Amino acid sequence: MLTDDTIAALSTPPGEGAIAVVRLSGPKALEIAAKIFKGPALRPRTAVFGRVMDGESIVDEVVATSFPGPASYTGEDVLELSCHGGVLISAQVLETALKRGARAAGPGEFTQRAFLNGKMDLTQAEAVMDLIRAQTPLAARAAAEQLRGRIGTEIMAIREGLIDIVAHVEAYIDFPDEDIDPDTGAAMRGRMTAARERIAKLLATANEGRILREGVRLAICGRPNAGKSSLLNRLLGYDRAIVSPTPGTTRDTIEEVLNLRGIPFRVVDTAGLRETPDAIEREGVRRAREVVDSADIVLRVVDATDAEALKDPPVVTGEILVFNKCDLSTNGAPPTGDARISCATGEGIEALVELIADRVRHGQPIGDSLAAINARHQACLARAAEALDAAIERFDAGTAPEFVSVDLRAALDAVGEVVGVVDADDILGRIFGSFCIGK
């Protein structure tokens, strides 16, 4: 499905750097190269030094590399110009290509062309952006596995199985005089059940996928001066939040990203929870309660030297109760199962980190499956599972095969939508629109 126009964009981040890469893709990429690049003849997949020229004017000295299609990222002719990495000079190199017949690429259009030209399926295309956005080694590893086609291969296997089932049912509809014997019918039901089980296994990875891609939302809450900001700084390894003996210093939420045991976390330090006449602090308390209500994990920090604070009830069910200032406490040990730390000395911090990681893992290592689906995959597979459940129910009830076929077709379409096999024009814009320009 080759396109008839040629696109160009800066494929490296804007700003100053050693080099910048301007990428072209399309039927006129090499033709444009002949117009603007002066140097030795281009050879496939070989870096060549020369100049980008705008008429008789030298724009920049560059290294040009050509990738004739279909053996390229997009499946089309591709040209990459590595120029000096300044904002102005890279813009001038790009502008020179646009003046000679290319058009500016849209977000994700290079990867979209790779998908349309059969270089990758839709799950692999999404993995490109997952890999770019990965915040931990585990997230990068999972994205790389998806980019290599791990999810797509499993989806295609499920789809092939569903195609066989649909063909069997629809053949029976077309030839009603050819009865399906009991053994064949039982085998078909077994295949439907097997497909449903494979979908269920993929759906079970959805939470892991969300964690690896988005991170775990971790809220730190508690009374003023309990040590919430000190704990944030300890977890981050540097002073991010202001620490002061004055109650109410933190008046708004402070959010940071960190890596704990390979798991990405979005940690939010909140204002101290208390009744206050101060309107600004009161707004901070309201926001703190909102963060706590939406968090995946809540750490309630309690000053172990404050006898009254030790009597406070839980803020939310399932919170992790963290006793701070234990190096100064004379109130004895906290109840079993709670964390005992000192932000001043670092005592207990590693144990707390392990406790937090275990809460996320639920006893299962994060990243082991390396085939964790995303929210779009989950929605498609949930529809497929629902349709398969309906098909199995109708089959068991002896419903007319025409109705079973409708449900099986719905399941097939939903599964195909994951990899983009069905007509998925309405979802392509949403997926590739989230990409950066030049990718």
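The values are calculated or read from the model by the stated rules, or taken from the named source; none is laboratory data. Quick caveat: nothing in here was measured; it's all calculated off a predicted structure. Because the Cβ atoms are built from the backbone with ideal geometry, glycine has one as well, and the counts that use them run over all protein chains shown.
Assorted remarks:
- Test: residue in segment 55-65 that is over 26 Å from VAL128 (Cβ atoms), assigned to a strand (DSSP E or B) and of a type in the set (S, T, N, Q): yes
- Out of LEU94, LEU79, one residue alone is part of a helix (DSSP H, G or I) and modelled with pLDDT of 95 or more. It is LEU94.
- GLY17 at pLDDT below 95, under 28 Å from the mean Cα position of the chain (by Cα) and over 24 Å from ARG113 (Cα atoms): yes
- Within the span defined as segment 135-143, every residue fails to be over 19 Å from the mean Cα position of the chain (by Cα) and either surrounded by 23 or more Cβ atoms within 10 Å (Cβ to Cβ) or farther than 30 Å from GLU31 by Cα (or both).
- For segment 156-175, the count of residues that are over 23 Å from ALA200 (Cα atoms), part of a loop (DSSP other than H, G, I, E, B), over 21 Å from the mean Cα position of the chain (by Cα) and at pLDDT below 85 is nonzero.
Residue-by-condition table, conditions (1) touching a helix residue (DSSP H, G or I) at 6+ places or on another chain (Cβ under 9 Å); (2) touching a residue at least 60 places away in the same chain (Cβ under 8 Å); (3) at negative phi; (4) of a type in the set (D, E, K, R):
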site: ALA97; (1), (2), (3), (4): yes, yes, yes, no
site: GLY106; (1), (2), (3), (4): yes, yes, yes, no
site: PHE115; (1), (2), (3), (4): yes, yes, yes, no
site: LYS119; (1), (2), (3), (4): yes, no, yes, yes
site: ALA127; (1), (2), (3), (4): yes, no, yes, no
site: ILE132; (1), (2), (3), (4): yes, yes, yes, no
site: LEU147; (1), (2), (3), (4): yes, no, yes, no
site: LEU162; (1), (2), (3), (4): yes, yes, yes, no
site: VAL166; (1), (2), (3), (4): yes, yes, yes, no
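- Answer from SER294, SER329, SER342 - the residue that is modelled with pLDDT under 85 and surrounded by 16 or more Cβ atoms within 10 Å (Cβ to Cβ): SER329
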